[in-house]
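A.B. asks: Just dropping this structure here.
The values are calculated or read from the model by the stated rules, or taken from the named source; none is laboratory data. Predicted model only: the values in this text are computed from it and were never measured. So basically every Cβ, Gly included, is an ideal-geometry build from the backbone, and we count neighbours across all protein chains shown. The area values use the complete protein model at the heavy-atom level, side chains included, leaving out ligands, DNA and RNA. Shrake-Rupley method; radii C 1.70, N 1.55, O 1.52, S 1.80 Å.
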Amino acid sequence: MTSRPPVPISPEALPPPEEFAVEGHRVACDGGGVLGHPLVYLEFGAQAFVDCGYCDRRFRRGVNGGAPYHDPSPRPVDHH
């Protein structure tokens, strides 16, 4: 039996990432729902957006529109 090389997937074939509008310089992500992932904190730095490495959610800073986002972090914002 011979193995076939993997078929490349074009970026156009993939669905766009789930996108959220947030404020501040840091966002927490747990993937949402029952089958989420470990809670991670993502820093924007100088970028206008940051992507979660686990679930590919995209967080845009200071942009109106996008889905409303509920921060899963159990701590108050002033303690981040």
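A.B. asks: TYR41: of a type in the set (Phe, Trp, Tyr), in a loop (DSSP other than H, G, I, E, B), touching a residue at least 12 places away in the same chain (Cβ under 8 Å) and surrounded by fewer than 16 Cβ atoms within 10 Å (Cβ to Cβ), yes or no?
C.D. replies: no
A.B. asks: Where residues in the stretch 55-71 are surrounded by 13 or more Cβ atoms within 10 Å (Cβ to Cβ) and farther than 17 Å from PRO16 by Cβ, which of them is modelled with the highest pLDDT?
C.D. replies: Across the stretch 55-71, the extreme among qualifying residues is ARG61.
A.B. asks: Right, another one. Quick check on my filter: what residues within the stretch 1-27 are assigned to a loop (DSSP other than H, G, I, E, B), among the small types (Gly, Ala, Ser), open to solvent by less than 100 Å² (accessible area, probe 1.4 Å) and on the phi < 0 side of the Ramachandran plot?
C.D. replies: SER10
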